[in-house]
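The values are calculated or read from the model by the stated rules, or taken from the named source; none is laboratory data. The structure presented is a predicted model; accordingly, all values stated were derived computationally and were not measured. Note that each Cβ is placed from the backbone with ideal geometry, even for glycine, and that neighbours are counted across all protein chains shown. For the accessible areas, the whole protein counts, side chains as well, though only heavy atoms, and no ligand, DNA or RNA atoms are used. Shrake-Rupley method; radii C 1.70, N 1.55, O 1.52, S 1.80 Å.
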Amino acid sequence: MNEQAPKNKKIIALEGTIKAGKTTLAGGIEKTLNAGVVWEYGKYLNGRQFPIFPPRDLEVAKKVTEFFASIEQERLEDLEKIIKDIVVVDRIHHSCLAVNYTADKLYKTNYFGEMEEIWKRTAKITPDVAIYLYVGQQELERRLAPTKHLYREIFYNRNFNDFIREYYAKLGFILIDTTNMTEGQVLLTALSYV
């Protein structure tokens, strides 16, 4: 069991590409299992802006990691306040590491090792079950088409998405392809692992 989260809670982490259905699935698990939820990092910005990607140098990469680590502390505090046996976490610290891993692969930044060391020293939410949702490239482009996301071109990049998925596969996350699934099918599939 995770030493950084209350011992009486089962923690389910949801990771995945943009528009794969993480937040929808978190809500579905919340309703179905009467679970608590710790929402994704964006809900904790409080007027702050997400840092730019990719980081232009090592110092910026460290500041970005420290930015997310500080938000992680807020999320840990919220986790501790939840009085439920099951808690769903919409993204965990691996979101940050996956982006650094991918930046190393695509842009040859070589920051991943140092960012991993920062996270090793940081209190963080560590799940009992870790699920990664993804969609095929064509479906991802269809789902992103109506949006005006700051990093839209990066998310359209097949290599970016492949390296992100590779990172989670190496960690042993449960991978679920939501391309041709309804919300209900995604929920039932995820619940089969819980």
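Remarks
- Expected 222 nm ellipticity per residue - DSSP helices of 4 or more, -39500 (n - 2.57), all of the chain, to 500: -15000 deg cm²/dmol
- Model label sites at VAL129 and GLU116, defined 7 Å from Cα along the beta-carbon direction, differ in position by 2.8 nm.
- Cα-derived Rg to Rh of the range 53-102, Kirkwood definition: 1.09
- Point-to-point label distance, GLU74-TYR107, nm (Cα→Cβ direction, 7 Å offset): 2.4
- Amide H to amide H distances under 5 Å link LYS10 with ILE86, VAL87, where only residues 5 or more positions off or on other chains count and H is placed in the peptide plane.
- Cross-link pairs LYS22/LYS148; LYS63/LYS170; LYS19/LYS81 - those with Cα-Cα distance over 23 Å: LYS63/LYS170; LYS19/LYS81
- The packing ranking, built from the mean of other Cβ atoms within 10 Å per residue, places the peptides 96-108, 14-26 in the order 14-26, 96-108, highest first.
- Between the amide H of VAL38 and those of VAL88, VAL89, ASP90, distances stay under 5 Å, these residues lying 5 or more places away or on another chain, with hydrogens modeled in the peptide plane.
- Where labels lie 7 Å past Cα in the beta-carbon direction, separation of GLU66 and GLN137 in nm: 3.8
- Accessible area per residue was computed with a 1.4 Å probe on protein heavy atoms; LYS63 scores about 140 Å².
- Within the accessible surface of the range 35-194, defined with a 1.4 Å probe on protein heavy atoms only, the carbon and sulfur portion equals 51 percent.
- When the chain is described by a simple charge dipole with +1 on each Lys and Arg Cβ and -1 on each Asp and Glu Cβ, the residue from ILE131, GLY27, HIS94 located farthest towards its positive end is GLY27.
- Accessible area per residue, Å², the chain with all protein chains present, probe 1.4 Å: 51
- Translational diffusion of the range 82-157 was estimated from the Stokes-Einstein equation, with Rh taken as the Kirkwood radius over Cα pairs; at 25 °C and 0.890 mPa s the coefficient is 163 µm²/s.
- In the range 36-81 the Cα-Cα distances spread across 10 Å bins starting at 0 as 26, 48, 22, 4 percent of all pairs.
- Rounded to the nearest 20 debye, the dipole magnitude of the chain is 260 debye, with +1 charges on Lys and Arg beta carbons, -1 on Asp and Glu beta carbons, and the Cα centre as origin.
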